[in-house]
Amino acid sequence: MSLAIRSAAREDEAAIVALWRACRLVVSYNDPAADFRFAKAGPSSDVLISMDGAGRIIGAVMVGHDGHRGWLYYLASDPDSRGVGVGREMAKAAEEWLRQRGVVKAQLLVRETNTGVVSSMSASAMRSRRAC
């Protein structure tokens, strides 16, 4: 799958937050709109999105770095678009965003409460996750 992926614009905020909510990535102690605005405000973070032919946001990822290690947060693919590679392409785009900034190590935050993803993670991925 090949997606057109771009940096999110301020006017994309509501649709992105709605996608994160639809994917159950939002927790009570994080304001996703504030997270979006914070990521868009600085040079070491961004929110990347992909859209379908109708202009609907079907994928998003927040990406950032501390100068050494990169992080991917809120990696989301629209529930109606799952299984066609949207999540994979968004992760690749975030990795490329980091690579362009000289950051070669990246980690994906997966909350323990995200049971759909945690239950499908391999044992080696879980060991690696705990080791970091």
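Coordinate-derived values only; no laboratory data. What you see is a predicted model; the values in this text were computed from it and never measured. Don't worry about glycine lacking a Cβ; one is built from the backbone with ideal geometry, like all the others, and counts go over all protein chains shown.
Val26 to Met51: FRET efficiency via 1/(1 + (r/R0)^6), r the Cβ-Cβ distance, R0 22 Å, to the nearest 0.05? E(calc), rounded to 0.05, equals 0.60.
Packing here is the average count of other Cβ atoms within 10 Å per residue, and on that basis the peptides 43-51, 100-108, highest first, run 43-51, 100-108. The simple Förster model, with R0 at 41 Å and r as the Cβ-Cβ distance, assigns Ala4 and Lys105 a FRET efficiency of 0.90. In region 1-105, the alpha-carbon atoms span a convex hull of 99 Å³ per residue. Residues whose amide H comes within less than 5 Å of that of Ile58, counting only those at least five positions distant or on another chain, are Ser50, Met51, Asp52 (H built at 1.01 Å from N in the peptide plane). In this simple spin-label model, placing a label point 7 Å from the Cα along the Cα-to-Cβ direction at both Glu96 and Glu11 gives a separation of 2.5 nm.
Close amide-amide hydrogen proximity is noted between Leu72 and Gln107, Leu108, Leu109, each under 5 Å apart and 5 or more residues distant or on a separate chain (H modeled in the peptide plane; Pro and chain starts excluded).
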